1. Out of all DSSP beta bridges in the stretch 7-152, what portion is antiparallel? Express it as a percent rounded to 5.
2. What's the magnitude of the charge dipole for the chain around its Cα centre, counting Lys and Arg as +1 and Asp and Glu as -1 at the beta-carbon? Answer in Debye, nearest 20.
3. Would you mind counting up the charge near Ala173? Only other residues with Cβ under 13 Å from its Cβ, with Lys and Arg at +1 and Asp and Glu at -1.
4. Could you pull out every residue, at least 5 positions away or on a different chain, whose amide H is within less than 5 Å of the one on His30? Hs are placed 1.01 Å off N in the peptide plane, and Pro or chain starts have none.
5. If you roll a 1.4 Å probe over the stretch 57-204 with all protein chains in place, what percent of the accessible area is carbon or sulfur?
6. Specify the residue with the greatest mean-square fluctuation among Leu184, Leu35, Leu170, computed from a Gaussian network of the chain linking alpha-carbon atoms under 10 Å apart.
7. With +1 assigned to the C-beta of every Lys and Arg and -1 to the C-beta of every Asp and Glu, and no other charges, what is the dipole magnitude of the stretch 26-115 about the Cα centre in debye, to the nearest 20?
8. Go through Lys2/Lys142; Lys15/Lys137; Lys94/Lys137; Lys142/Lys200; Lys15/Lys200 and tell me which ones have a Cα-Cα distance over 25 Å in this structure.
Amino acid sequence: MKFTVAIDGPAAAGKGTISRAVAAEFNLAHLDTGLLYRAVGAGVLAGGEAVAVAQGLDPRDLENPDLRTQAVADAASQVAVNPDVRAALVQFQKDFARRDGGAVLDGRDIGTVICPGAEVKLYVTASAQTRAERRHKELTDKGFSTAFETVLAEVIDRDRRDSERATAPLRAARDAVTIDTSDLSIAAAVAAAIDAVRAKYPVT
Ligand code: CDP
């Protein structure tokens, strides 16, 4: 069975939590495509050249826990502007999306560029304030001490860079179901996503 769920949205909107829950509910494979850009960003911070790092990426590079830092997120959104970096990562994502058994991919351009034919498209969003609060808590829980204002500024800056770039900007696909998680509990946001997927899930 081929079945693709495309989940896009800005930083810290809840895509990760929703994607993992949808994947578990329907027994689908999950790819967090942000990790690809983070791995390239980390490679550049380590002195590599962005396109060469993207072309030489190994799936094992995605398992590095250091990819979750703010510095790497920022570097990721800078390399993500480069069309040659994006081009180097397209085929891996497309192959993952059409694997047997179905897949969930989350990112910025999944419903618009990587999988325009995805059976389900979700656009998960929330206010910048809410997203910065969540990201700040996440970082604090992991032991990183960063001021809230710094996190908020970084979220706004990255939103702008991701939305304004020429190649594959962050945008809801025309046929996406939007879930605004600003005032939703995790359980309610996950339930809304699962309902949207179930409505399209093939009856066996
Ligand atoms: O977890 P968070 O939402 O903060 O970020 P992420 O999904 O890990 O993505 C990090 C950065 O990679 C984003 O700010 C984008 O610039 C870039 N990205 C992209 O351009 N396209 C994707 N499909 C996924 C991420």
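1. Values: 0 of 8 bridges.
Looking only at bridges with both residues in the stretch 7-152, the antiparallel portion is about 0 percent.
2. Here the size comes out at about 380 debye.
3. Values: positive: Arg108, Lys121, Arg171, Arg174; negative: Asp8, Asp109, Glu119, Asp175.
Once all neighbours under 13 Å are counted, the net charge is 0.
4. Val104
5. Values: 4200 of 7780 Å².
Carbon-and-sulfur percentage of accessible area, whole number: 54.
6. Among Leu184, Leu35, Leu170, the largest mean-square fluctuation in the Gaussian network model of the chain belongs to Leu184.
7. Values: 8 positive and 12 negative charges, 40 e Å.
Computed charge dipole of the stretch 26-115: roughly 180 debye.
8. Lys2/Lys142; Lys94/Lys137; Lys142/Lys200
The values are calculated or read from the model by the stated rules, or taken from the named source; none is laboratory data. As the structure is a prediction and not an experimental result, all values here were calculated from the model. A quick note on method: Cβ atoms are made from the backbone with ideal geometry, for glycine too, and the neighbour counts reach across all protein chains shown. Just so you know, the surface numbers come from the protein's heavy atoms only, side chains and all, with ligands and any DNA or RNA stripped out. Shrake-Rupley method; radii C 1.70, N 1.55, O 1.52, S 1.80 Å.
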